[in-house]
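The values are calculated or read from the model by the stated rules, or taken from the named source; none is laboratory data. These numbers come from a predicted model, not from an experiment. Please note: Cβ atoms are built from the backbone with ideal geometry, for glycine as well, and neighbour counts cover all protein chains shown. Areas reflect the complete protein model, heavy atoms only, side chains present, ligands, DNA and RNA absent. Shrake-Rupley method; radii C 1.70, N 1.55, O 1.52, S 1.80 Å.
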2 protein chains.
Amino acid sequence: MPSNPEWVKALEPSGPQGSELLAQERAKSDLNVDQLAEFMFTKEILQRNERILNILLAEPVFDKSQNYFRGRNARIEAALARGKRLQQLQVQHKWSKDEFETANSLISEPTPYGLHASMFLVTLREQGTPEQHKLFLEKAEKYQIIGCYAQTELGHGSNVRGLETTATWNADDKTFTIHSPTLTASKWWIGSLGKTANYAVVMAQLYIGNKNYGPHPFVVPIRDMKTHEPLPNVHVGDIGPKFGYNTMDNGFLLFKNVKIPHQNMLARFSSIDPTTNKYVRPSNPSLIYGTLTYIRSHIVLQSGSVLARGVTIATRYCAVRRQFQDRDAPASEPGENQVLNYTMVQIRLLPLLAATYALHFTGRGMINLYQENQKRMNSTAAPESERAPGPEELNPGTDLLADLHATSCALKALASTTAAEGLEVCRRACGGHGYSSFSGIGSWYADYLPTVTWEGDNYMLTQQVSRYLLKSARAVLKGNAGDNDTTRILSEFVRRRDIGAAFDVIGSDDDLVAAFAWRVSFLTFEALRHRDEDKQSWNSLLVDFWRLSTAHAQYMVVKNFHEALNDPNTTKSIDKGTVALLHKLFRLYALHTLEKEASEFYSSAAVTVRQITLARTKAVMTLLEEIRPHAVRLVDAWKFPDWQLDSSLGRYDGKVYEDMFYRASELNPLNSVVFDPYPDSKVLFKKDERQNLRSKL
Amino acid sequence: MPSNPEWVKALEPSGPQGSELLAQERAKSDLNVDQLAEFMFTKEILQRNERILNILLAEPVFDKSQNYFRGRNARIEAALARGKRLQQLQVQHKWSKDEFETANSLISEPTPYGLHASMFLVTLREQGTPEQHKLFLEKAEKYQIIGCYAQTELGHGSNVRGLETTATWNADDKTFTIHSPTLTASKWWIGSLGKTANYAVVMAQLYIGNKNYGPHPFVVPIRDMKTHEPLPNVHVGDIGPKFGYNTMDNGFLLFKNVKIPHQNMLARFSSIDPTTNKYVRPSNPSLIYGTLTYIRSHIVLQSGSVLARGVTIATRYCAVRRQFQDRDAPASEPGENQVLNYTMVQIRLLPLLAATYALHFTGRGMINLYQENQKRMNSTAAPESERAPGPEELNPGTDLLADLHATSCALKALASTTAAEGLEVCRRACGGHGYSSFSGIGSWYADYLPTVTWEGDNYMLTQQVSRYLLKSARAVLKGNAGDNDTTRILSEFVRRRDIGAAFDVIGSDDDLVAAFAWRVSFLTFEALRHRDEDKQSWNSLLVDFWRLSTAHAQYMVVKNFHEALNDPNTTKSIDKGTVALLHKLFRLYALHTLEKEASEFYSSAAVTVRQITLARTKAVMTLLEEIRPHAVRLVDAWKFPDWQLDSSLGRYDGKVYEDMFYRASELNPLNSVVFDPYPDSKVLFKKDERQNLRSKL
């Protein structure tokens, strides 16, 4: 890489410097950043994060400086090397699961070990018998076998029942034949499969005789343990580049009548009796919803911090970037205005800042509720391995669990969509420089995008939510509903709908939350009428169901945020000023959402046109003004180390331009090559450097 | 690359085949695809496109099969090689500007020659004197010098007046000194500068003595014409990878007191008299708005086809992809349902399909209006080179031109945002496979994204639109307004606002258009009251201005689409059934927009809550059902060759899965490498193939 000449090294950005501007921002607000961070994450976890960060910083393999420049192959090789070292460190430091996840989150890229460490181990653990644990799990935990979880196929994603791969029981030699009858039966998108795994848990349609018993999990060896080449009659490889997630080797997998022994069918819940050749029914198939609820609740919690990375970067950068004078500024202030002072930037960023906190407290609330419920049910652990199960019927044991499950579906869809789309808003709020890889938002966004599809496609999930809400509404009308939050708000709506609602959404927080509840209830009974009275087809109602589910999720976020602020623990942990500021974020999130979805709030008669106009032109604009001075400290409280963000624009010290220039001019390997610009010449003028360049890329 | 074994080659997707499904789709509709395509593009242009496609297909350098696999350096090298060959072909075939653009559009990636061929040549041509044409333009046209247009700086984008690079007149030796006083003065984002250009038109603050005369264009040599190394005291290079546009060498550029002769200041409009050392004023600075209007109108027209690529891919794929059974389907139809049959997919795709046509006809309308106006003004050509000029004041000669300019700003913002965000909706509508690079949408979206920022940032532009609307409203109130569409709708609103409006948006097309006009007028007078009566600050109104501009643009799209359908030329060129189908697209676009923006339509009292509910639950849903059978033929009419789309999912023949599998298993270079999966081993098992792989990437 060429080094900058001395005269360039001597140049500074024109004043005021980014570091000065961020220092001013931090001086303007008295928010206690450490106190708020400890309240959100606990002191122990913040200290632990720092400890792990220091371990990673000391390892050359985790150096990020070439990440944005590398092509896919170099990136995935680096990622595998990192995954290996991470595994060694985990053993060396005896990291817990949480600590290991912290390290991964600081590195911030998927590694080819990703699905081994999660789905493969979990599935073996939860769906294997003690004998199978001995046979597979113990080796897998020691990374002597590396595996993946192969469910999705080229032709089938969400619809698990439509999978085409077959596992046929051979009564004669007590084996299964795993087979891919068609091209669309090829396993596809399977993480860690493309280049890394030598084993796979394969979901396949179990056949005994000619009878299909549905999809079941089978442990299948796929690569030679020494040469790492595919085994005979196995065709496996990487599915190619993607919009993001390119450090993962998502793979394809086809079988031509591959035989595996009886013991390779994971048999904790269902199995084949090899003596009678009879199928043994699953012991408790519905337990699964508990675990799915847990996974989705985690996606909700995580979505707050996913989005907060983008908001942190954009907020800091918009405080450093200055552009144009304020048209109404007095002549005594001739300098350019910080971009963050423009209301058009504030209206894009500050509601997202509010959303990061809203999602954090909602995710936390969901996980607490889940754990409470688990304790109460005192039930055994359930299998985690059914991913994206499609619109299954919800008939779990208790009303609370059913409510929790529906809420987790609705929230997963809303939260991951909010995070994904919010990140793109953050990137654009950074103007032209947001488009540079050095902004750190683009790649983060691209890597996060699959979350809107996996663990239940966000659109598919809304059907499950609506089915649950319709069922609850029917029960409320019949008078046989159980007691949970959903039935309470639906009953309240039924009681009051003839009287009408008059919510003081601007003056009262309780009324604001109640207006969200009213809208959900209104939409639920509307949808119920269309389905049960007008007999409209399910398909014709999908759009209404999606709106309904979104409304339900927004109500849950507003409610959870509100409850978190009124929790005695909150007022005990943080000072009054901070509570008041969080309260403004709550109101900004709620009123901005209300205004965005105004049409449904009108139709339900929860609010008047006058109220919406006031919310928009007065309440929201005032909140933006009040929150603005605290914006930088509010993102600081998320405590992302610069190394994690890997962003020129989002640096804690505000040295945006210096870092952009450094990365472009000193780290960029393209600047080692010389192009020949004339049409009738070859492309590269200096060919010798080309090789050099490629070995770096 | 490994070849698939025979047993894999023999596999087919499970039935029905994609090719059968698309054939069925095309059989279901009697839309005359060729007739519609000829109406939209003319027969001549369609034939021309085919002729140029065949020329490109015959050239190995344009082979696309490795595009998605290449890292940045390999991509940009290939792009430069393509740019070179394209230039040779242009000379050889004597291509016109339009033909050259067609070739570029078929190749569908920026080349490092991009800014030379556009902004550099245009600026020399329009801002240079005849002597300067001889000196620079003639060589540039022959590609003996390669240039770029260097305006944007690290610290300044939209605000041209804030540029920091200086050009100081030296009276003693009649030269200019070009200098970068700070790091933020570095030119940044300059296309074709990073590795290719040896000349730049540099926008710099002109200083004579200590007096600043504002930004002016200077022709500055930056690289040695033989060695291609930077000239002394010039620091230039590539700014690094971006979210997209990675086949372009966007560059940075710093000068340390570089001297250039007097003749290098482009002097057609303003200059320095070298004998008196006096500044000569620009002859006609306001002419520029005509050309900016033209450029923006082209972005509007282009946005329809940009979006149509994504809609074509997603619509075809959603007709091939089948998932789940319809819940209400009779038992006699047990197969899985085409994804395109789900209303939740239709509501995402079909309004975008409608938008492609709406934007096409609007862009065409704008360009016609512009040309008509140019004829009428009979004015001289204006310079094109001021890009993203910030919120300039609009005081051009006639009311029509001012109206056209404001409309082009509003439409540029709406159209490019619609296209960019619509492409992402299309990508997600393709489910999991939309995330694969082979979908062809992700890279296209990423490359298009800068359009929302350049030629006027979409948010900044809305201020210009609002300023114009406020000015028009003041004139209407004072009774001294000129006659154009804007003043007409504002006057009509003033006349009727006390009487009230009662638009039959569902029953009458004219009323539907009028409701959009009413909303714009309402928002204009609201904003005027806030600014002139309530004396609100400009900054506090930016959000309202953005809404206002969006409303204006939506009105213009609805109005233009409506007028295009009622044009006698339309009914002469296409049969009645096609007109009727386009009319449904018009209504879908208008009603779906009305429903999305319902809150503003209520507040303005243009419609009732009941009408919005009807629009949503009845009118829009019925239109989806009616348009659905024609969806595939409607995208076929855009006539994108498969080679241009480069998409497995969007293939004309529906062989989606075969193509996905072929690209992954046969073209993917990562499958030539073998990974060693164990933590305590090196990364690659087969190192020798690694070199091989890298030379391919």
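Per-residue answers, yes or no, for (1) open to solvent by 10 Å² or more (accessible area, probe 1.4 Å); (2) of a type in the set (D, E, K, R); (3) more than 31 Å from the chain's Cα centre (by Cα):
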{"residue": "B:S297", "(1), (2), (3)": "no, no, no"}
{"residue": "B:L301", "(1), (2), (3)": "yes, no, no"}
{"residue": "B:V311", "(1), (2), (3)": "no, no, no"}
{"residue": "B:D328", "(1), (2), (3)": "yes, yes, yes"}
{"residue": "B:S332", "(1), (2), (3)": "yes, no, yes"}
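Could you say which residue among B:F252, B:F324 is within 10 Å of chain A (Cβ to nearest Cβ) and open to solvent by less than 20 Å² (accessible area, probe 1.4 Å)?
After applying the criteria, what remains is B:F252.
Could you tell me whether any residue of region B:39-57 is at pLDDT 95 or above and acidic (D, E)?
So far as region B:39-57 goes, yes, one or more of its residues are at pLDDT 95 or above and acidic (D, E).
Among the candidates A:A615, A:A605, A:A580, which residue alone is of a type outside the set (D, E) and touching a Gly at 6+ places or on another chain (Cβ under 8 Å)?
A:A605
Can you give me the number of residues within region A:174-202 that are closer than 19 Å to A:N233 by Cβ, away from chain B (no Cβ under 14 Å) and either without any contact (Cβ under 8 Å) to a residue 40 or more places away in the chain or in contact with a Pro (Cβ under 9 Å, 6 or more places away or on another chain) (or both)?
Counting residues in region A:174-202 that are closer than 19 Å to A:N233 by Cβ, away from chain B (no Cβ under 14 Å) and either without any contact (Cβ under 8 Å) to a residue 40 or more places away in the chain or in contact with a Pro (Cβ under 9 Å, 6 or more places away or on another chain) (or both) gives 4.
Any idea which residue in region A:586-641 is nearest to the other protein chains (Cβ to nearest Cβ), counting only those that are closer than 17 Å to A:R26 by Cβ, out of contact with any Lys or Arg (no Cβ under 7 Å at 6 or more places or on another chain) and of a type in the set (D, E, K, R)?
Among them, the one singled out is A:R628.
Just give me the residues in region A:100-112 being crowded, with 17+ Cβ neighbours inside 10 Å and either over 16 Å from A:K142 (Cβ atoms) or modelled with pLDDT under 95 (or both), in sequence order.
Passing the criteria: A:T102, A:A103, A:N104, A:L106, A:I107, A:S108, A:E109, A:P110, A:T111, A:P112.
Considering only region A:220-227, I want to know if a residue exists there that is crowded, with 19+ Cβ neighbours inside 10 Å, part of a loop (DSSP other than H, G, I, E, B) and facing another protein chain (nearest Cβ under 9 Å).
no
Wholly within region A:12-118, which helices (runs of 4 or more DSSP H) include no fewer than the required count, namely at least 2 residues that are assigned by the TED database to the domain that holds A:G191?
Because the criterion is at least 2 residues that are assigned by the TED database to the domain that holds A:G191, no helices (runs of 4 or more DSSP H) in region A:12-118 meet it.
Quick check on this structure: which one of A:F522, A:F503, A:F438 is open to solvent by less than 30 Å² (accessible area, probe 1.4 Å), part of a helix (DSSP H, G or I) and of a type in the set (F, W, Y)?
On inspection, the qualifying residue turns out to be A:F438.
Within region A:564-581, does at least one residue satisfy the condition of being open to solvent by less than 20 Å² (accessible area, probe 1.4 Å), not polar (S, T, N, Q) and not in a helix (DSSP H, G or I)?
Yes: one or more hits.
Could you pull out the residue among B:S29, B:S19 that is open to solvent by 20 Å² or more (accessible area, probe 1.4 Å) and either facing another protein chain (nearest Cβ under 9 Å) or among the hydroxyl-bearing types (S, T, Y) (or both)?
Only one candidate qualifies: B:S19.
Checking B:N560 against (1) in contact (Cβ under 8 Å) with a residue 24 or more places away in the chain; (2) at the interface with chain A (Cβ under 9 Å from one of its Cβ atoms); (3) crowded, with 22+ Cβ neighbours inside 10 Å, only one condition comes out false. Which one?
Only one criterion is unmet by B:N560, namely (2).
Output the number of residues of region A:206-219 satisfying the condition of being within 30 Å of A:P110 (Cα to Cα) and either within 14 Å of another protein chain (Cβ to nearest Cβ) or touching a Ser or Thr at 6+ places or on another chain (Cβ under 8 Å) (or both).
2
Just give me the residues in region A:673-697 being modelled with pLDDT of 90 or more and either of a type in the set (S, T, N, Q) or open to solvent by 40 Å² or more (accessible area, probe 1.4 Å) (or both), in sequence order.
A:Y678
Go through region B:650-671 and give me each residue that's out of contact with any strand residue (DSSP E or B) (no Cβ under 8 Å at 6 or more places or on another chain), under 29 Å from B:P110 (Cβ atoms) and surrounded by 20 or more Cβ atoms within 10 Å (Cβ to Cβ).
B:G650, B:R651, B:V656, B:R663, B:P669
Of everything in region A:65-94, what is facing chain B (nearest Cβ under 8 Å) and polar (S, T, N, Q)? Give them in sequence order.
A:N73, A:Q87, A:Q88
Residues that are assigned to a strand (DSSP E or B) and open to solvent by 10 Å² or more (accessible area, probe 1.4 Å): does region A:195-204 have at least one?
So far as region A:195-204 goes, yes, one or more of its residues are assigned to a strand (DSSP E or B) and open to solvent by 10 Å² or more (accessible area, probe 1.4 Å).
Which condition number does A:V476 fail, the rest of (1) among the β-branched types (V, I, T); (2) in contact (Cβ under 8 Å) with a residue 60 or more places away in the chain; (3) farther than 25 Å from A:A354 by Cβ being met?
(2)
Applying the selection to region B:187-217, what residues are polar (S, T, N, Q) and at negative phi?
Within region B:187-217, B:T196, B:N198, B:Q205, B:N210, B:N212 meet the criteria.
Go through region A:120-156 and count every residue that is open to solvent by 20 Å² or more (accessible area, probe 1.4 Å), out of contact with any Lys or Arg (no Cβ under 6 Å at 6 or more places or on another chain) and not hydrophobic (A, V, I, L, M, F, W, C).
12
Among the residues of region B:396-430, which ones are modelled with pLDDT of 95 or more and either acidic (D, E) or at positive phi (or both)?
Answer for region B:396-430, where residues must be modelled with pLDDT of 95 or more and either acidic (D, E) or at positive phi (or both): B:E421, B:E424.
State whether the residues of region A:134-147 include one that is hydroxyl-bearing (S, T, Y) and without any contact (Cβ under 8 Å) to a residue 40 or more places away in the chain.
No, region A:134-147 contains no residue that is hydroxyl-bearing (S, T, Y) and without any contact (Cβ under 8 Å) to a residue 40 or more places away in the chain.
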